[in-house]
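Q: Please see the structure below; I have some questions.
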Ligand SMILES: [Mg+2]
């Protein structure tokens, strides 16, 4: 009855903000050595905010966090008078660090067990690289908003996942931390939903998830209850 499970990545399998902040600091140090006027004028936070301003001004690329980072860096370089700025090299510094995530303790053992029983895939709005992170052995495939061209909660990423899984939406469970992107998006696409609520947040309102868990360690019990019709 349940054929596959799709997982959000950031804040579902690891804490994303510590790793992003560290990546921003490392990039800032790298810029200081090569293009010092950029970090003199822009703090790491201001460079991040520049990404947000570009996203607001250019909604057609707002789903592509790699593009936003590169464009923000390029803009900052132009404004500070660097005409031969290497945005790709700068972004690479950020990107390596951004993928140095620390999985929540229960994540790998849980995914390894689930992968023996179900097909697993990841669906992310971010630009994490599942291969660099070392989860490509448990996920059959990974989709993100950059490749899909549209971010969750739009249905496209969920629909593409079902097609690739050769499954109907009702046979797929989506697991994620974001009430809007993950729960509402997947529910609208016809999937079952599990809200990962690690910090005891209140549900923000609207249609609730089919199940709520505090960590992935609780996921197997939810699936068993659904499979046996007791949930
Ligand atoms: Mg998330």
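Only the coordinates and a few stated rules stand behind these numbers; no lab work does. Because the structure is a prediction, the values reported are computed rather than measured. Ideal geometry is used to build each Cβ from the backbone, glycine not excepted, and the neighbour counts take in all protein chains shown.
Q: Mind checking the angle between helix 156-165 and the chain's longest principal axis? C-alpha axes, 0 to 90 degrees, to the nearest 10.
A: Tilt of helix 156-165: around 50 degrees.
Q: Separate question: Taking the Cα atoms only, what angle lies between the long axis of helix 16-34 and the longest principal axis of the chain, rounded to 10 degrees?
A: The angle comes out at about 20 degrees.
Q: If a/c stays under 1.5 just call it rounded; otherwise compare a/b with b/c (prolate if a/b is bigger, oblate if not). Do that for the chain, with a ≥ b ≥ c from the square roots of the Cα gyration tensor eigenvalues.
A: Values: a/c = 2.31, a/b = 2.07, b/c = 1.12.
Since a/c reaches 1.5 and a/b is larger than b/c, the shape of the chain is classed as prolate.
Q: Let me ask something else. Using only the Cα atoms of the stretch 16-98, build the gyration tensor, take square roots of its eigenvalues as a ≥ b ≥ c, and label the shape rounded, prolate or oblate: rounded if a/c is under 1.5, else prolate if a/b is larger than b/c, else oblate. Could you put the intermediate results ahead of the total?
A: On the way: a/c = 1.61, a/b = 1.13, b/c = 1.42.
Cα axes put the stretch 16-98 in the oblate bin.
Q: I need 60, 46 ordered by Cβ neighbour count within 10 Å, fewest first.
A: Arranged by neighbour count, lowest to highest, 60, 46 become 60, 46.
Q: Taking the Cα-to-Cβ direction at residue 150 and at residue 22 and moving 7 Å from each Cα, how far apart do the two end points lie in nm?
A: 3.6
Q: What is the order of 45, 143, 73, fewest Cβ neighbours within 10 Å to most?
A: Fewest to most other Cβ atoms nearby, the residues stand as 45, 143, 73.
Q: At 7 Å along the Cα-to-beta-carbon direction for both residue 166 and residue 103, put a label point, then send me their distance in nm to one decimal.
A: Simple spin-label model gives 2.7 nm for this pair.
Q: Sticking with the crude label model, points 7 Å out along Cα→Cβ, report the distance from residue 48 to residue 117 in nm, one decimal please.
A: The two pseudo-label positions are separated by 3.7 nm.
Q: Could you tell me whether the stretch 46-91 comes out rounded, prolate or oblate from its Cα gyration tensor? Rule is a ≥ b ≥ c as square roots of the eigenvalues, rounded for a/c under 1.5, then prolate if a/b exceeds b/c, otherwise oblate. Could the numbers behind the result be given before it?
A: On the way: a/c = 2.23, a/b = 1.63, b/c = 1.37.
Because a/c hits 1.5 or more and a/b exceeds b/c, the stretch 46-91 counts as prolate.
Q: If we count other beta carbons within 10 Å of each Cβ, what is the order of 158, 141, fewest first? Can you show the working numbers first?
A: Numbers: 158 26, 141 16.
Ascending Cβ contact count within 10 Å gives the list 141, 158.
Q: Using a Förster distance of 35 angstrom, determine the FRET efficiency expected from the C-beta separation of residue 228 and residue 132, and round it to 0.05.
A: 0.40
Q: Have a look at the DSSP beta bridges in the chain and tell me what percent are antiparallel, nearest 5. Don't jump to the answer; show the numbers that get you there.
A: Numbers: 1 of 21 bridges.
If we restrict to bridges inside the chain, about 5 percent are antiparallel.
Q: With everything on Cα atoms, drop me the angle between helix 87-98 and the longest principal axis of the chain, reported from 0 to 90° to the nearest 10.
A: Once rounded, one gets 40 degrees.
Q: Per-residue ellipticity at 222 nm for the chain, helices alone: DSSP H runs ≥ 4 residues times -39500 (n - 2.57), over residue total, nearest 500 deg cm²/dmol?
A: Helix-only estimate at 222 nm: -13000 deg cm²/dmol.
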